[in-house]
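Every number here is computed from the coordinates shown, using simple stated rules; none is lab data. Bear in mind that the values here come from a model prediction, so they are computed numbers and not experimental data. Cβ placement follows ideal geometry from the backbone for every residue including glycine, while neighbour counts extend to all protein chains displayed.
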Amino acid sequence: MNLKHPFWQGVLVLVLAYVVIKWGIGYLLPMIGVPSAPVPSTVVTQYMLTVLVGVLLYMSAESDRWAAFKAPMVRTMVDPGRRALRGILLVGLPLLVGWVAYQGVKPSFGAPATLRSIHPAPPNSITFRGATMELAGLENPLRHSGDMEAHLAVGNAVYTRNCVPCHGDLLDGQGHFASMLTPVPADFTNTGTIVQLTESYVFWRIAKGGPGLPNEGAPWNSAMPAWETILDENETWSVILFLYERTGSTPRTWEEEGAEGEAH
Amino acid sequence: MRSGTLLKTIATFLLVGAAGLVAQENENGRVLYDRWCAECHGAEGLGDGSAAASMLPRPRTFSQARYQVRTTGSGQLPTDDDLMHVLNVGLPGTTMPGWPNLSDQQKRDVIEYIKSFSRFFAAGPAPEPLDFGSDPGGGPEALAAGAQAYLTLECEACHGAAGRGNGTSAPTLEDWRGFPIRAADLTEAWALNGGSSVNDIHTRVLTGLDGTPMPAAIDAMNSGVVSPDEVWQLAHYVASMGPRERPRLREVVRVERASEGLPQDGSDEAWGDIEAFFFPLAGQVIEVPRNFAPTVDGIWVEGVHDGSEMAFRVQWNDPSRSPDSEWDEWQAKILATMDLDGFEAPALDSTGAVTVRWPDAIRLQFPFEVPDGAERPYFLGGTTRQPVYLWTWSSNDGVGEGRGRGYGSVEPLPGELQGTAEWQDGRWTLYLRRPIAAGADGLTFSEGVPIPVAFSAWDGSSGETDKRAGVSSWYYVLLEQEPSNAVVVTPLIAILLTGAFGLVLVRRAQGRARA
């Protein structure tokens, strides 16, 4: 197999693309700490068709390359010495296509794919226990008032009684009820969660919980309570302080948020 | 001999002195303890942290140095390795996790600090693990001998004949502080506090679980009631009572198409051929009053249909067949000691007896219409705007259909759902049957379409009623379709078309080559 030959280069590109799309995105990225999810099979097919068209366009862009690319295929179709290979392909390829078709029509007992946005766009303002709060530009007021130790103690107590069953003592989303919930609770030690969010966003998520998600966040599935029914404003800001302190992280600032917004 | 005694005395003095020094200087241990442990175990190690009352069993009290998971004799202190083991893997079936976030040195510091809460550690020589002998091995004969030892040691008095924690003493059990504690369900080895291996179980049987009613079998062994081999065989027998790991969650209940007739009741042998699906339940900790320590932690579901009717069998472990006056004491203790989150327990009468006994109950929840897209009613009982369709059962009222507009509210609906339930040896078996086509109100279970389903369960004798429940997320049931011709025809057409296309290509290429 000569890897400089256009035909094998094309094959190699297709195989590599398949490996990356099928396994790389879903399984390799999480290994280096980037949150991800397996690509649904229909999307894999779409991506692969795109790659195939790309390969064909590239190969046919120059007539020499196109001829070289086609040559192994033409030889297989006409060369008397390749009669056996020809026979195998003429039987094998249709069978392969038949098998793919069977996979498409056979009865399936898998759960339907559910796509949800993990961090949907927040509203501009929310009502908290009846009072309107503007989220844009909102900072955690406890960072600039009172005794930080006392705030953290309140946050710790609030967290342990209310959040530990799902989010866990280690804040890693591994509480004793976590494995009984679908979708699983957020892991605050993961760089994909609170570190990427402003404290106002976290306040919104805590106050309004699963039921307060927009539809793209699949509010019907989330077991996150709407904590405004249980926690007051001070307790909510305190537990937010606790989340960042205990995970040794800092919230996204409005400056970062603004820079990102302009870049878009 | 005399010099040995002298050495021991000197060693004891040194240890006491060293322990005292450590207690004073173990600043790292104190900081780590305050940071990670105190909120449950209390700043002074009294097991009275701010969240303690929501936990069953309660967090350990360190000041009395009574430890469940030890390799030392009953009433003895644990070894440092015992404590390290618990910090590494946690206590399954409780709220105590393992602590992979702490380094080994940090864990050692925490252990030293925890030990400093009790004077016992400083006072004596380092505890020594028992000699556990060697496992003579399992096998059918060992299991039979183990089953005999289970009777000899009266394990069934608390754990029940089938091991589901439903023995006659189970309702009376309390830990050494008087808090209620459940007899372990031995069929759910994954939730055994001290681990699920034969070795783990053997160690727990021999050493007992100090601070709980679980006694140590070592005295019975030493006095010849059971032999060392029989204790090992007992461990093999207990390990054989159920799966070691929690069954894997599969999201879709496959409702098979019956080749001949539907099962007629919950004990029909036909269920033996039908796949059972396990769904874990978490406490309802979303709406007040929350239930932090539900009794029912999972249910098994099986389904089968014949194109016009469908039958389901739902099974779950519950040590009490509520309502049952035998469990009054248990119920009163749960309601008196647990964090009820605003649930108002009915008053006891003048003799201190309970006045209300709740039934056991279960609920299967569906949408009223199979959703086109992802949208469906709120998983926790639906909402006013998007109600849910319910199959309800309680040990008082039997089976019914209903509409839920939020968790806890059920408006009864007329329907053709039928069912019977039987409680045997710590396990409920509920048989349900309904035509596939809906009545006036309800859901038609179209074949081949995943239909969202969620589950809830209540144990009346643990004061579980209304929102105090165990709940699941949304999953699916899927009625198997009649095999259609398309399954054969479509691949066949694909094969023929591709084959013909290939032949034409080859012919043309060969023709062109000849030319």
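Between A:Ala136 and A:Asn234, what is 0.36 nm times their sequence separation minus the Cα-Cα distance? Round to one decimal in nm.
Result for the pair: 33.4 nm of gain on full extension.
Give me a comma-separated list of calculated 3J(HN,Hα) values for segment B:284-296, in order, Karplus coefficients 6.51, -1.76, 1.60 applied at θ = phi - 60°, integers in Hz, x for any Gly or Pro.
6, 10, 10, 10, 6, x, 7, 10, 7, 9, x, 6, 8
Where does chain A land at 222 nm, in deg cm²/dmol rounded to the nearest 500, when only DSSP H runs of n ≥ 4 count, each adding -39500 (n - 2.57), divided by all residues?
The per-residue figure over chain A is -15000 deg cm²/dmol.
Along segment A:235-252, what does the Karplus equation 6.51 cos²θ - 1.76 cosθ + 1.60 (θ = phi - 60°) give for ³J(HN,Hα), rounded to whole Hz, x for Gly and Pro?
Each residue's phi maps through the Karplus curve to give 5, 5, 5, 5, 5, 5, 4, 4, 4, 6, 5, 6, 8, x, 10, 10, x, 5 Hz.
Which whole-number percent gives the relative contact order of chain A, counting Cα pairs below 8 Å spaced six or more residues apart?
Reported as a whole number, the value is 15 percent.
Give the long-range amide H neighbours of A:Gly209: residues separated by 5 or more places, or on another chain, with amide H under 5 Å away, using H modelled in the peptide plane at 1.01 Å from N.
Under 5 Å from the amide H of A:Gly209 lie the amide H atoms of A:Trp227, each far enough along the sequence or on another chain.
Where does each of A:Lys22, B:Lys115 land when they are ranked from fewest to most other beta-carbon atoms within 10 angstrom?
Ordered by Cβ neighbours within 10 Å, fewest first: A:Lys22, B:Lys115.
Assuming a strict under-24 Å limit between Cα atoms, what lysine pair count do you get for the protein assembly as shown once near-sequence pairs (fewer than 8 apart, same chain) are dropped?
6
Assuming 0.692 mPa s and 37 °C, estimate D for the protein assembly as shown with Stokes-Einstein, Rh taken as the Kirkwood radius over Cα pairs, in µm²/s.
D = 107 µm²/s.
Can you give the relative contact order of segment A:71-205 as a percent, counting alpha carbon pairs under 8 Å and 6+ residues apart?
15
As an exercise, take the mean of 1/r over every pair of distinct alpha carbons in segment A:125-263, invert it, and state the Kirkwood radius in angstroms.
Values: mean 1/r = 0.0646 Å⁻¹.
It works out to 15.5 Å.
Mind telling me which of A:Thr198, A:Thr250, A:Thr127 comes out most flexible in a GNM of chain A, alpha-carbon contacts under 10 Å?
The residue that fluctuates most here is A:Thr127.
Which whole-Hz couplings ³J(HN,Hα) result when phi for each residue of segment A:91-99 is put into the Karplus expression 6.51 cos²θ - 1.76 cosθ + 1.60, θ = phi - 60°, listed in order with x for Gly and Pro?
Listing the rounded values in order: 8, x, 4, x, 5, 4, 4, x, 5 Hz.
What's the longest piece of chain B with no exposed GluC sites (Glu not before Pro), counting a site as exposed if DSSP puts it in a loop and it has at most 10 other beta carbons within 10 Å?
Longest gap between qualifying sites, sites excluded: B:1-244.
If the chain between A:Tyr102 and A:Thr127 were fully stretched, how many nm would it gain, using 0.36 nm times the residue separation less the Cα-Cα distance?
3.8 nm
Out of the trypsin sites (Lys or Arg not before Pro) in segment B:226-307, which ones are loop residues according to DSSP with at most 15 other C-beta atoms within 10 Å?
Answer in residue order: B:Arg244, B:Arg248.
Three principal axis extents, largest first, for the C-alpha atoms of chain B, in Å?
Dimensions of chain B along the principal axes of its Cα atoms: 105, 86, 49 Å.
Under 10 Å, Cα contacts only: if you run a Gaussian network model on chain A, which one of A:Glu149, A:Glu139, A:Glu62 comes out with the highest mean-square fluctuation?
Greatest mean-square fluctuation among the candidates belongs to A:Glu62.
Let me have the 222 nm mean residue ellipticity of chain B computed from DSSP H runs of 4+ only, each contributing -39500 (n - 2.57), with the sum over all residues rounded to the nearest 500.
-9000 deg cm²/dmol
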